[in-house]
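Have a look at the structure below before the remarks.
The values are calculated or read from the model by the stated rules, or taken from the named source; none is laboratory data. Since the model is a prediction, treat every value here as computed from it, not as a measurement. We place every Cβ from the backbone using ideal geometry, glycine too, and count neighbours over all the protein chains shown. The protein model used for the area step is the full one, side chains on, heavy atoms only, and it has no ligands, DNA or RNA in it. Shrake-Rupley method; radii C 1.70, N 1.55, O 1.52, S 1.80 Å.
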Amino acid sequence: MKVQLFVPCFVDQLYPSVAFNMVKVLRKVGCDVSYNTNQTCCGQPAFNAGFQEDAKDVCKKFLQDFADDAVVVAPSASCIGFVKNYYPQLFANSMYSGQADALSKRVFEFSDFLVNQLQVTDVGASFEGVVTYHDSCAGLREVGIKQEPRTLLANVRGLTLTEMNDVETCCGFGGSFAVKFDAISGAMADQKVTNAAATNAQYMVSTDMSCLMHIDGVAKKKGIDLQVLHLADVLASGWE
């Protein structure tokens, strides 16, 4: 299957290894992966900050950059959730409406694509350690994934998955929310880290590096030894 890679700003600038590991896994399962170097932001930061008209210009470019019929896969439930759910609303009753509707149907978060589109649940990975999984708000509520990443993790050799309390509670990041309401955001992350530490997990895994960066910062501040990893990092482990 031909797959276009979308690398969100967060991954591109701060965690590029996540994108490389996603490509590694997609190629292993037989995908023909391409990357359009003209791609930029999906427009979500401006949209969420209330600048919807400004966001439209960025979103129009995104429509152009991913204009062909290939599926688009990204290591971010947050960005995919935005394109899938809000592009059709943003461009309703406009000349871009058809493009936005079509694109929303062929964009996929990484684990959703593997499990539900390719019917792949085991990529042959091995990873020694105890892992707890964090459900991002976007993954749960905008993309609708819950079991998919857990199914993939369950088939990783050597990995033990243990669930934390209040696993579906927000970590407190929420993009600009973490800046505007830093005290609330920090308290929410503190609760998440406390729940994760109670499982005695060595690693926290998620589909969104934005959540993991936030959680990682609080864990380090609290002196808790909890390493964060994207799902793609785990699935790319243990094989060449």
Quiz item: What angle do you read, to the nearest 10 degrees and between 0 and 90, between the alpha-carbon axis of helix 16-28 and the longest principal axis of the chain?
Solution: 80
Exercise. Give me the accessible area per residue for the stretch 144-226, probe 1.4 Å, as a whole number in Å².
Key: 47
Self-check item: MRE, 222 nm, helices only [DSSP H, n ≥ 4, -39500 (n - 2.57), over the chain, to nearest 500]
Solution: -13000 deg cm²/dmol
Quiz item: What percentage of the solvent-accessible surface of the stretch 12-75, computed with a 1.4 Å probe over protein heavy atoms, is contributed by carbon and sulfur atoms?
Solution: 49
Practice problem: Please get the size of the charge dipole for the chain, origin at its Cα centre, with Cβ charges of +1 on Lys and Arg and -1 on Asp and Glu, quoted in debye to the nearest 20. | Solution: 60
Exercise. Could you look at the stretch 114-239 and say what percent of its accessible area is carbon and sulfur, using a 1.4 Å probe and all protein chains?
Key: 50
Self-check item: Local electrostatic count, residue 145, Cβ distance below 15 Å [Lys/Arg +1, Asp/Glu -1]
Solution: -3
Quiz item: Summing +1 for each Lys or Arg and -1 for each Asp or Glu, what net charge is found among the other residues whose Cβ lies under 12 Å from the Cβ of residue 102?
Solution: 0
Practice problem: Taking all pairs of distinct Cα atoms, average 1/r, flip it, and tell me the Kirkwood hydrodynamic radius of the chain in Å to one decimal place. | Solution: 18.2
Quiz item: How much length is gained if the chain between residue 105 and residue 36 is pulled fully straight, taking 0.36 nm per residue apart and subtracting their Cα-Cα distance, in nm to one decimal?
Solution: 22.9 nm
Quiz item: Just how many pairs of Lys in the chain have C-alpha atoms closer than 18 Å, counting pairs that are eight or more places apart or on different chains?
Solution: 14
